[in-house]
């Protein structure tokens, strides 16, 4: 293995080209990490893009970190233990050591949850949809990892090397309706936004007007609609229209680049065309 220099450029996007100095850290390039980049989109709000995804071909995973005076909140944990460890190491540099730790999982898919244990073992309270909790009971980490390996034709050794020792345990708090976390007077809105899958959550931080959208919003690419049909796609549009009413400066999608609120309209139009095409095929 070789050491790779990762330049972490903390920038505020969509705010008049304001930028912060670049930081440099060295990490060991390991399978399952990808080429992550960190963007400080507002004070104490980080977006982590470019994390590993097994689809490769430039397709990557995103996550987020919010710092308050006495807490740190992670949004998603990546598709591998290496990704989860990276997220923790990024946050740890700003921590005093006595903070409360939270991890919000936007849904149950592997590319957002496989790094969970890397953060959970540090004492994180895990928050997710009730359906995510049901999924973890049905498909514990090693079983889920084997499912993906069999699907993709990977030998067990490759799955172990890339994904790591995946452990998925029942979340500490499971929700099925919009929930407001109040942390030291700071509100973090956990919104139930089904459509991509029934367990989908989005996280809105009013202070910075940041939306961590999970797979409710895709940036610049086709939406993954294969987990549902007409009913789910129409519900998805309803949720997007609801998010469109929020005051948003930056969207951190589950995949792709950071984007502005206009991306919501593109997602809505994509789904409407998908519905129209399906309706015509049923005539």
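The values are calculated or read from the model by the stated rules, or taken from the named source; none is laboratory data. Just so it is clear, the structure is predicted and the values come from calculations on it, not from any experiment. Counting neighbours? That spans all protein chains shown, and the Cβs are built from the backbone with ideal geometry, glycine included.
Points worth noting:
Residue-by-condition table, conditions (1) touching a helix residue (DSSP H, G or I) at 6+ places or on another chain (Cβ under 7 Å); (2) at pLDDT below 95; (3) farther than 29 Å from residue 56 by Cα:
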position: 98; (1), (2), (3): no, yes, yes
position: 103; (1), (2), (3): yes, no, no
position: 114; (1), (2), (3): yes, no, no
position: 119; (1), (2), (3): yes, no, no
position: 128; (1), (2), (3): no, no, no
position: 133; (1), (2), (3): no, no, no
position: 142; (1), (2), (3): no, yes, no
position: 167; (1), (2), (3): yes, no, no
position: 193; (1), (2), (3): yes, no, no
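- Any chance residue 155 is under 24 Å from residue 54 (Cα atoms) and at pLDDT below 95: no
- Top-ranked residue in region 99-146 [being touching a residue at least 60 places away in the same chain (Cβ under 8 Å) and under 13 Å from residue 87 (Cβ atoms); ranked as surrounded by the fewest Cβ atoms within 10 Å (Cβ to Cβ)]: 102
- Counting the residues of region 45-71 that are touching a residue at least 40 places away in the same chain (Cβ under 8 Å) and farther than 19 Å from residue 110 by Cβ gives 8.
- Scope region 218-231; condition on the phi < 0 side of the Ramachandran plot and part of a loop (DSSP other than H, G, I, E, B); matching residues: 218, 219, 221, 222, 223, 224, 225, 226, 227, 228, 229
- Summed over region 158-186, residues that are surrounded by 15 or more Cβ atoms within 10 Å (Cβ to Cβ) and within 22 Å of residue 52 (Cα to Cα) total 9.
- Screening the candidates 247, 222, 241, 276 for the property of being free of Cβ contacts under 8 Å to residues at least 24 places away in the same chain and more than 19 Å from residue 73 (Cβ to Cβ) yields one hit, 276.
- Residues located in region 224-245, provided they are surrounded by fewer than 19 Cβ atoms within 10 Å (Cβ to Cβ) and either touching a strand residue (DSSP E or B) at 6+ places or on another chain (Cβ under 6 Å) or under 27 Å from residue 52 (Cα atoms) (or both): 224, 225, 226, 227, 228
- Of all residues in region 246-265, those that are under 19 Å from residue 109 (Cβ atoms), part of a loop (DSSP other than H, G, I, E, B) and touching a strand residue (DSSP E or B) at 6+ places or on another chain (Cβ under 7 Å) total 2.
- Some residue of region 256-263 being without any contact (Cβ under 8 Å) to a residue 60 or more places away in the chain, under 30 Å from residue 34 (Cα atoms), crowded, with 17+ Cβ neighbours inside 10 Å and touching a helix residue (DSSP H, G or I) at 6+ places or on another chain (Cβ under 8 Å): no
- Residue 149 meets the conditions (1) farther than 25 Å from residue 89 by Cβ; (2) under 21 Å from the mean Cα position of the chain (by Cα); (3) free of Cβ contacts under 8 Å to residues at least 60 places away in the same chain; (4) surrounded by 16 or more Cβ atoms within 10 Å (Cβ to Cβ) in every case but one. The failed one is (2).
- Sole residue being touching a strand residue (DSSP E or B) at 6+ places or on another chain (Cβ under 7 Å), surrounded by fewer than 18 Cβ atoms within 10 Å (Cβ to Cβ) and either over 29 Å from residue 98 (Cα atoms) or at pLDDT 80 or above (or both), chosen from 68, 60: 68
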